[in-house]
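Readers should treat all values here as calculations from the given coordinates under stated rules, not as data from a laboratory. Quick caveat: nothing in here was measured; it's all calculated off a predicted structure. When we count neighbours, we look across all protein chains shown, and the Cβ atoms used for this are built from the backbone with ideal geometry, even at glycine.
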Amino acid sequence: MSKHKILETPRLRLRPLEFSDFDRIVEFMGQQSVTDFLLFFTHPIIPEQVREWLKNVIEAKPEQCAYWAIIEKSQDKLIGILSLTMDSFHHKTEMGYWLDRDYWGMGYMPEAAWRSIEYVFEDLKLHRVDLTHMVANIRSQHVAQKLGFQLEGCWREGHFKNGTYKDVKIYGMLEVDYLRARKQRSQMPDSPA
């Protein structure tokens, strides 16, 4: 598998992360409302931890993961990150995402996530996309539901964050779910997300 390609939507460009993104990533990951639901980062953000993480994801092999900067085209500004962690043996991937809080509620994350889902099923020919989020993260729940993910269960106290155990909702999208969601979307007028 070669390096993951740049993905486009009407309002967004998803391109591989670059070292030059570091300052912007630290800026929006410094928002507590963003880090509250990230597994490996806490508030206040530690820039060196972000630098090491960024180095690791940029240098990772494409068959292991894809990390895209979500660029809002009209401002040419990085507003979030979307990731796919690959499991080629089982023909699936796990999606993760986070967004600058200044861009919440504008439909950017469903738009970016849908484009990556198309990429997973159409280009990579995978069979399944997994998605998890802490139960308290209602925004991620809405994104998952809007995209057509199926709720499959809950890991009780499945993640440890800020000294406490957090329940985690588990979602899946099979290829058949994707085809159904794609058909529904094609019947909706002017739906960017």
Exposure-ranked with fewest Cβ neighbours within 10 Å first, Thr9, Thr42 stand as Thr42, Thr9
Around Val135, which amide H atoms from residues at least 5 apart in sequence, or from another chain, sit under 5 Å from its own amide H, with H modelled in the peptide plane?
-> Asp167, Val168, Lys169
Based on the alpha-carbon gyration tensor of segment 100-161 and its eigenvalue square roots a ≥ b ≥ c, which shape applies: rounded if a/c is under 1.5, prolate if not and a/b is larger than b/c, or oblate?
-> oblate
Computed E for Asp36/Glu152 - FRET, C-beta separation, R0 25 angstrom, nearest 0.05 = 0.60
Computed FRET value (nearest 0.05) for Ile138 with Asp23, which takes r as the C-beta separation and R₀ as 45 Å | 0.90
Length added when fully stretched, Ser186-Asp123, from 0.36 nm per residue minus Cα-Cα | 20.8 nm
Using θ = phi - 60° and Karplus 6.51 cos²θ - 1.76 cosθ + 1.60, couplings along segment 69-77 (whole Hz; Gly, Pro as x) | 7, 8, 9, 7, 5, 5, 9, 6, 10
